[in-house]
Amino acid sequence: MNSVISDQVVKQRETLKGFLADNMFRLAQLCAPNMQDVDELEALLKSHIERSTYCKYLWVLDHTAHQLTSTVSRKRLIEEQKGRDRIARPYMQRALKGDPFYLSDAYISRNRRRPSLTSVQTIFDEDGKTLGYLGADFDLRKLPHTGKLNLNKKGWLQLKGDPAIRGGLFAQQRTVSAMDEKIDDVFSLVKELIVVHGVFHAKFHFSSSRVTAWLVDNPYDYQILNIDELTDASVCLAFPKRDYFEKATVPRKKIGKLFNQFKKLRFADETIYLRSASLNIVNGKVGLNFSCDGSHYVDYEEFLEKDNRFWFGKK
């Protein structure tokens with residue numbers, strides 16, 4: 001992750017830790033005298049989450065990291081998660097080592113495929129003995145953002161291109177890139193940057209595993225995101241939150257379908273394959289560059305109408 005983004009992520013995490021730690025500590029104090037009463041614990045969690053602007057899920061574990069309560073959300077109690085063993089989770093390792101409060105690195109959630117955070121607060125008795133752990137999950141969309149990303153980073157960045165193109169079309173074979181191996185996570189993160197963080201134009205360089213992104217806040221410059229940043233959901237903390245761009249002509253619900261079509265073209269053939277692809281939500285254009293060095297610029301609606309038979313002549 002480049003230093004500008006990394007510095008902004010650190011600053012944003014410190015801000016979030018400040019107010020999340022205070023809230024978690026107070027709730028943990030209320031939980032401490034009720035660790036033997038699951039119903040009372042769930043009532044406390046439900047009361048807290050109904051007042052919380054940011055929290056998505058709350059749960060309480062015993063001192064062995066087994067879940068005592070249901071997982072509490074605003075809509076319901078997820079009772080089937082009682083008894084769940086969370087000891088192997090990365091955030092629990094820090095708590096078990098003695099950190100009273102820990103805020104995890106950001107990650108892509110399993111169900112909704114959105115950047116998320118988990119925090120854990122140790123629950124102590126009056127003598128400082130560990131009774132258990134209070135856990136909370138947060139959707140980054142719901143958390144406030146402070147500060148402004150400096151988009152004026154200068155410097156030389158050298159990246160390798162597609163090694164297959166040099167050998168001739170039919171003598172080459174697609175080389176699996178780092179982006180290929182994490183393509184679903186990359187698409188989820190870039191979609192989040194477009195929908196929530198003001199990116200209006202994004203170009204995927206599949207073979208060299210990078211994305212170039214243009215933001216509405218600074219359309220005359222662009223960000224280069226490498227594979228480490230594209231697979232680290234913390235990157236979202238560095239970008240300011242913006243409503244979906246009012247000048248967009250591509251409906252936000254179509255973005256996932258467009259990226260899925262990119263994926264199909266990337267993996268459809270080992271010789272003729274998609275090398276790079278771009279989407280501009282303002283002019284509605286999709287840009288495509290294939291291993292044969294053929295380039296296409298097409299309206300997103302027409303692009304979605306075409307299947308692999310159109311591009312490769314295969315049934």
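Output the peptides 56-64, 98-106 sorted from most to least packed, where packing is the average of other Cβ atoms within 10 Å over each peptide's residues.
56-64, 98-106
Pop the C-beta distance of Phe267 and Asp39 into the FRET formula with R0 = 35 Å and round what comes out to the nearest 0.05.
Efficiency for this residue pair is about 0.10.
Report, by chain and number, residues whose modeled amide H sits under 5 Å from the one on Ser109, excluding near sequence neighbours (fewer than 5 apart, same chain).
Amide H to amide H, under 5 Å and 5 or more residues apart or across chains, Ser109 pairs with Arg114, Ser116.
Work out the charge dipole of the chain with +1 on the Cβ of Lys and Arg and -1 on the Cβ of Asp and Glu about the Cα centre, then indicate which of Phe310, Thr212, Thr118 is farthest towards its positive end.
Phe310
Which of Phe187, Gln29, Val250 sits closest to the plus end of the dipole of the chain, meaning its Cα is farthest towards the positive end, when Lys and Arg get +1 and Asp and Glu get -1 on the C-beta?
Val250
Sort out for me the Cα centre separation of the stretch 1-47 from the stretch 90-135, rounded to whole Å.
Value for the Cα centre distance between the two parts: 8 Å.
At 7 Å along Cα-to-Cβ for each site, give me the label-to-label distance between Thr175 and Ala21 in nm.
4.5 nm
Between Gln81 and Lys241, take the C-beta separation as r, use R0 = 35 Å, and let me know the FRET efficiency to the nearest 0.05.
0.70
Using Cα atoms only, what is the angle between the long axis of helix 38-51 and the major principal axis of the chain, expressed in degrees (0 to 90) to the nearest 10?
It is inclined by approximately 50 degrees.
Does the stretch 248-293 classify as rounded, prolate or oblate by the C-alpha gyration tensor (a ≥ b ≥ c root eigenvalues; a/c under 1.5 gives rounded; else a/b over b/c gives prolate, otherwise oblate)?
oblate
Considering only the other residues whose Cβ falls under 11 Å of the Cβ of Leu230, what net charge follows from Lys and Arg at +1 and Asp and Glu at -1?
Residues near Leu230 contribute -2 overall.
Relative contact order for the chain using alpha-carbon pairs under 8 Å, separation at least 6, rounded to a whole percent?
15 percent
Nearest 0.05, what FRET efficiency do Gln29 and Asp184 give at R0 = 45 Å with Cβ-Cβ as r?
Using R0 = 45 Å, I get an efficiency of 0.65.
Read-outs throughout are calculated quantities, based only on the coordinates presented, and are distinct from any laboratory measurement. Keep in mind that what you see is a predicted model, and the values were worked out from it rather than measured. FYI the Cβ positions are ideal-geometry reconstructions off the backbone, even for glycines, and counts take in every protein chain you see.
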